[in-house]
Amino acid sequence: QVNGEDALKTVITVFYQYCFTDKRIAHFFAGIDKDRLKMHQFTFLRMVMSENKYKYDGRDLMIAHSRLFREGLGVCHFDSVVQNLLKTLYGLHMPQDIIDDITAALGPLRGIFVEGENNEKERQMNMERGVVAPKKRMIMD
């Protein structure tokens, strides 16, 4: 649907130019492999925009962002990222149906960031009260 992988690479490049310079979220990108991050985003957006609907085989987003949740990542930061992506898509004059597909794919992901933020707040409150979370036991069949 998008005019090839080159167009998608342009979306990723412009999108991350916004994210890496956005004062609300830029600090979360410090010290990470930006090329690897761009590759993951490329894979995700290719899946969303493809008529063939590639299967997502990346890491669980809650796990992938766990360190960032401990550093204060929350739903407001997710919203900032989405705003940057929409600014990119509209700025590059992407067709509305593609923007709608991407928005529909991102909507359910917001809950992961709500949950991650809430889990981190609970973890911090428990630490302040001296409560240690029980270790999860693996059940073997």
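Multiply the residue gap between Met125 and Val82 by 0.36 nm, knock off their C-alpha separation, and tell me the result in nm, one decimal place.
12.6 nm
Hey, what's the Cα Rg ratio for the chain versus the globular rule of thumb, 2.2 N^0.38 Å?
Here the answer is 1.20, to two decimals.
Which FRET efficiency value, to the nearest 0.05, is calculated for Leu109 and Leu37 with the Förster distance at 22 angstrom and r the Cβ-Cβ distance?
Working: r = 16 Å, r/R0 = 0.72.
Between Leu109 and Leu37 the formula returns 0.90.
Accessible area per residue, 1.4 Å probe, Å², for the chain: what's the number? Please report the intermediate quantities before stating the final value.
On the way: 9710 Å² over 141 residues.
Accessible area per residue, the chain: 69 Å².
Between Ser50 and Thr21, what length comes free when the chain is fully extended (0.36 nm per residue of separation minus the Cα-Cα distance, one decimal in nm)?
7.6 nm
Where the accessible area of the range 1-117 is counted over protein heavy atoms with a 1.4 Å probe, how much of it, in %, is carbon and sulfur?
The value for the range 1-117 is 55 percent carbon and sulfur by accessible area.
For the chain, what does the relative contact order come out to in percent, with C-alpha contacts under 8 Å and a separation of six or more?
29 percent
The values are calculated or read from the model by the stated rules, or taken from the named source; none is laboratory data. Just so it is clear, the structure is predicted and the values come from calculations on it, not from any experiment. All Cβ positions, even for glycine, are placed from backbone atoms using ideal geometry, and neighbour counts span all protein chains on display. Surface accessibility is based on the protein's heavy atoms, side chains included, excluding ligands, DNA and RNA. Shrake-Rupley method; radii C 1.70, N 1.55, O 1.52, S 1.80 Å.
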